[in-house]
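Before any comments, here is the structure.
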Amino acid sequence: MNTDSGDSLPITEQENPRSQNLSSLASVEIVALMNEEDGLVAVAVQRVLSDVARAVDEIVARLNAGGRLFYIGTGTSGRLGVLDASECPPTFGVSPELVQGVIAGGYDACHRAVEASEDDAEAGPRDLEKLGFTKGDALVGIAASGRTPYTVGAISYARRLGAFTIGLTCVPESPITAAADVSIVPVVGPEVITGSSRLKAGTAQKMVLNMLSTATMVRLGYVSGNSMSNVQAKNSKLRERALRILMKETGLGAVEAEAALTASETNLSVALVMVKGNSSRERAAEVLRHASGKVDEALALLKKLV
């Protein structure tokens with residue numbers, strides 16, 4: 001296993017010489033040191049952008065063919081996957097089935113540590129089987145150390161099925177990089193608190209997951225320009241955002257946009273198709289269903305039907 005110091009410990013478990021006296025520092029010194037170390041994360045992620053882009057292209061191909069995207073992991077890594085998956089439906093208007101997060105230990109592990117479950121290499125495959133995971137899906141295995149049996153087992157199982165697999169880790173040449181089709185390895189170095197991979201490693205993982213899901217949804221057509229054209233306006237803040245997007249995309253004034261959003265039953269994508277396509281709410285909703293909720297595709301379909 002490759003490590004910076006040449007010993008048997010993965011990078012994520014090695015001591016950081018810069019923080020050896022952490023417990024004797026004043027608060028301002030602690031946070032300043034953490035901030036300096038966090039500055040290394042974006043640089044590490046920048047170095048693996050080509051791998052992230054390759055993963056996005058492969059995920060898009062699977063989702064366009066009817067597949068789904070799964071994240072799987074344990075502890076902090078698993079929670080980050082669940083978080084990213086849970087934010088896709090309200091942000092992009094997609095089904096909760098399209099992007100799913102799987103964490104060792106199940107739902108309870110999202111808010112209570114169930115760390116022992118990570119040692120079961122057969123549990124990951126079992127959890128995927130329960131969800132009906134198939135060769136048409138894509139799987140991102142998230143493991144800061146790159147050696148978590150639960151996650152490596154899941155990646156190995158998915159690859160045997162013929163599914164596309166991605167290993168997201170902060171340790172090069174670790175077991176998960178050997179198991180996955182594509183490896184994304186931002187090497188952030190030892191943590192400020194030895195072994196606490198919720199820090200720099202977790203930040204790097206969150207950045208990469210943001211890129212994977214966001215770039216995938218953009219490529220799939222769930223974003224217009226840089227606007228969340230499928231945002232779910234389920235509270236006052238999101239309704240105001242939907243109105244701003246509707247005004248920007250259509251040129252409507254505030255009063256007209258309010259009326260259009262109300263007529264759409266507070267569905268921004270429907271409102272956009274109604275206004276841009278000069279369509280009724282029923283027709284707009286129908287073409288959006290045929291276009292899998294993608295506004296631009298729905299407008300193109302509407303033109304063909306005229």
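The values are calculated or read from the model by the stated rules, or taken from the named source; none is laboratory data. This is a predicted model, so every value here is computed, not measured. With ideal geometry, Cβ positions are generated from the backbone for all residues, glycine too; neighbour counts draw on all protein chains shown.
Of all the criteria given as (1) at pLDDT 95 or above; (2) of a type outside the set (Ser, Thr, Tyr); (3) more than 15 Å from residue 210 (Cα to Cα), the one not satisfied by residue 75 is (1). Selection of region 275-306 for residues being among the hydroxyl-bearing types (Ser, Thr, Tyr) and more than 19 Å from residue 89 (Cα to Cα) yields 279, 280.
Any residue that is closer than 24 Å to residue 151 by Cα and in contact (Cβ under 8 Å) with a residue 24 or more places away in the chain - is there at least one of those in region 16-38? The answer is no, given that none of the residues of region 16-38 is closer than 24 Å to residue 151 by Cα and in contact (Cβ under 8 Å) with a residue 24 or more places away in the chain. Applying the criterion of being assigned to a loop (DSSP other than H, G, I, E, B) and of a type outside the set (Gly, Ala, Ser) to the residues of region 193-212, the residue that is nearest to residue 144 (Cα to Cα) is 198. Only a single item in (1) surrounded by 18 or more Cβ atoms within 10 Å (Cβ to Cβ); (2) at pLDDT below 95; (3) within 23 Å of residue 55 (Cβ to Cβ); (4) not aliphatic (A, V, I, L, M) is not met by residue 226, and it is number (1). The number of residues in region 92-143 being assigned to a strand (DSSP E or B) and hydrophobic (A, V, I, L, M, F, W, C) comes to 7. Find all pairs meeting these conditions: Cβ atoms under 6 angstrom apart; at least six residues apart or on different chains; first residue within region 244-256 and under 12 Å from residue 272 (Cα atoms); second residue among the small types (Gly, Ala, Ser) and at pLDDT 95 or above. Correct list of pairs: 246/257; 246/271; 247/257.
The single condition from (1) at pLDDT below 95; (2) part of a loop (DSSP other than H, G, I, E, B) that residue 186 fails is (1).
Selection of first residues in region 126-153 that are closer than 11 Å to residue 68 by Cα and of second residues that are part of a helix (DSSP H, G or I) and at pLDDT 95 or above, restricted to Cβ pairs under 6 Å at least 6 apart or on distinct chains, gives the following pairs, ordered by first then second residue: 135/161; 138/59; 138/62; 139/158.
Working carefully through the options 214, 262, find the one that is under 30 Å from residue 143 (Cα atoms), modelled with pLDDT of 95 or more and not hydrophobic (A, V, I, L, M, F, W, C). Spell out how you get there, then give the answer.
Values: 262 fails: under 30 Å from residue 143 (Cα atoms).
Answer to the selection: 214.
The residue of region 269-306 that is farthest from residue 220 (Cα to Cα), among those that are exposed (fewer than 13 other Cβ atoms within 10 Å of the Cβ) and in contact (Cβ under 8 Å) with a residue 12 or more places away in the chain, is 305. Screening region 156-178 for residues that are of a type in the set (A, V, I, L, M) and over 18 Å from residue 78 (Cα atoms) and picking the one that is surrounded by the most Cβ atoms within 10 Å (Cβ to Cβ) gives 163.
Could you go through region 42-59 and let me know if any residue there is in contact with a Ser or Thr (Cβ under 8 Å, 6 or more places away or on another chain), touching a residue at least 40 places away in the same chain (Cβ under 8 Å), farther than 19 Å from residue 187 by Cα and in a helix (DSSP H, G or I). Walk me through it before giving the result.
Here is the first cut: in region 42-59, the residues in contact with a Ser or Thr (Cβ under 8 Å, 6 or more places away or on another chain) are 51, 56, 59.
This time we only want the ones that are touching a residue at least 40 places away in the same chain (Cβ under 8 Å), so: 51, 56, 59.
Imposing the further condition that a residue be farther than 19 Å from residue 187 by Cα reduces the set to 56, 59.
Remaining after also requiring in a helix (DSSP H, G or I): 56, 59.
The answer is yes, given that some residue of region 42-59 is in contact with a Ser or Thr (Cβ under 8 Å, 6 or more places away or on another chain), touching a residue at least 40 places away in the same chain (Cβ under 8 Å), farther than 19 Å from residue 187 by Cα and in a helix (DSSP H, G or I).
Residues in region 144-172 that are in a loop (DSSP other than H, G, I, E, B) and farther than 12 Å from residue 62 by Cβ: 144, 145, 146, 147, 148, 169, 170, 171, 172. Put simply, of 50, 24, 8 the only residue that is exposed (fewer than 15 other Cβ atoms within 10 Å of the Cβ), hydroxyl-bearing (Ser, Thr, Tyr) and farther than 19 Å from residue 196 by Cα is 50.
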